[in-house]
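Structure first, then comments.
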Amino acid sequence: MAHIVPAMSIAWVTFDCYGTLIDWEGGVFTALLPLLPPGLDRDDLARRYIAAEAAVEGGPYAPYREVLDRAGRAVLADLGRPVGADLPCPLPDSLAEWLPFPEVPTALRALRERGLRLAILSNVDRDLIASSIARLQIKPDLVVTAEDCHSYKPAHGHWRRFERDTGAGPEATIHVAASQYHDIVPATALGYRTVYVNRHADRVGDVEPTAQIPDLSSLPETIARHS
């Protein structure tokens, strides 16, 4: 059962990064495309990669570069296109080229102009996320990575670190994310209001988000309604 925290006016908006702000599916597909068997589409690859990455992250903590390498190799091996042990997997170095969704920079600027503080809670390493933040065209007030926590969402380490570093908590914060498993479920359990960015029109599971939007275009107005 979720821990209910009395809501105050929202001061902080926390975000997942990849899938919410940055198009990781497009980035992974582009990076692996030369190695993929003919006919494999982006959605199928995304499902395979999500499962492979979750399996890696479910074990002992490893830097996200290693997660990308191991998950990418596992997917390609499963597809009958293994990467030789003496060759690099293209995923880790590709992340710097992954692009934001088109509406994201405008939405982030609108939130900042309304006086809200922005934080990113992401399952990556600090050096990797730096390249993505540069593409967002706005610098967040705080970044919490898996490298900082030595854990991966849906574990609660990112939110605990956010609370420790800001002194803020669920009562004045809303969390925005595109993954029910990694973000909406654990954030709700901790008492946070949530906005589910449902880019694929997926079925909502047992945990109901505070709000649901198809992309970030309407996020500033959505947050205003829940402040």
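Side notes on the structure shown:
- The set of residues from segment 156-180 being hydrophobic (A, V, I, L, M, F, W, C), under 17 Å from the mean Cα position of the chain (by Cα) and either surrounded by fewer than 24 Cβ atoms within 10 Å (Cβ to Cβ) or assigned to a helix (DSSP H, G or I) (or both) comprises 159, 162.
- Counting the residues of segment 134-145 that are of a type outside the set (D, E, K, R), in contact with a strand residue (DSSP E or B) (Cβ under 7 Å, 6 or more places away or on another chain) and within 24 Å of residue 53 (Cβ to Cβ) gives 5.
- So residue 62, is it of a type in the set (Gly, Ala, Ser) and under 18 Å from the mean Cα position of the chain (by Cα): yes
- Annotation note: Cβ proximity below 7 Å between a residue of segment 197-226 that is more than 15 Å from residue 110 (Cβ to Cβ) and a residue that is open to solvent by 50 Å² or more (accessible area, probe 1.4 Å) and modelled with pLDDT under 95 (sequence gap 6+ or interchain) occurs for 210/226; 211/226.
- Which numbered condition residue 223 fails, given (1) open to solvent by less than 40 Å² (accessible area, probe 1.4 Å); (2) of a type in the set (Val, Ile, Thr); (3) part of a helix (DSSP H, G or I); (4) closer than 19 Å to residue 58 by Cβ: (4)
- Every residue from segment 55-89 that is open to solvent by 40 Å² or more (accessible area, probe 1.4 Å) and in contact (Cβ under 8 Å) with a residue 40 or more places away in the chain: 61, 63, 65, 80, 81
- Top-ranked residue of segment 37-54 - restricted to ones that are touching a Lys or Arg at 6+ places or on another chain (Cβ under 9 Å) and surrounded by fewer than 18 Cβ atoms within 10 Å (Cβ to Cβ), ranked as nearest to residue 200 (Cα to Cα): 40
- Where residue 96 falls short, out of the listed (1) open to solvent by 30 Å² or more (accessible area, probe 1.4 Å); (2) over 16 Å from the mean Cα position of the chain (by Cα): (2)
- Number of residues in segment 111-138 that are within 19 Å of residue 10 (Cα to Cα) and not small (Gly, Ala, Ser) equals 9.
- Which numbered condition residue 183 misses (of (1) of a type in the set (D, E, K, R); (2) crowded, with 20+ Cβ neighbours inside 10 Å; (3) over 18 Å from residue 67 (Cβ atoms)): (3)
- Residue count for segment 121-142, restricted to those that are closer than 15 Å to residue 23 by Cα and surrounded by 14 or more Cβ atoms within 10 Å (Cβ to Cβ): 9
The values are calculated or read from the model by the stated rules, or taken from the named source; none is laboratory data. Here the structure is a predicted model, which means the values were calculated and not measured. With ideal geometry, Cβ positions are generated from the backbone for all residues, glycine too; neighbour counts draw on all protein chains shown. Keep in mind that these areas ignore ligands, DNA and RNA; they rest on the heavy atoms of the full protein, side chains included. Shrake-Rupley method; radii C 1.70, N 1.55, O 1.52, S 1.80 Å.
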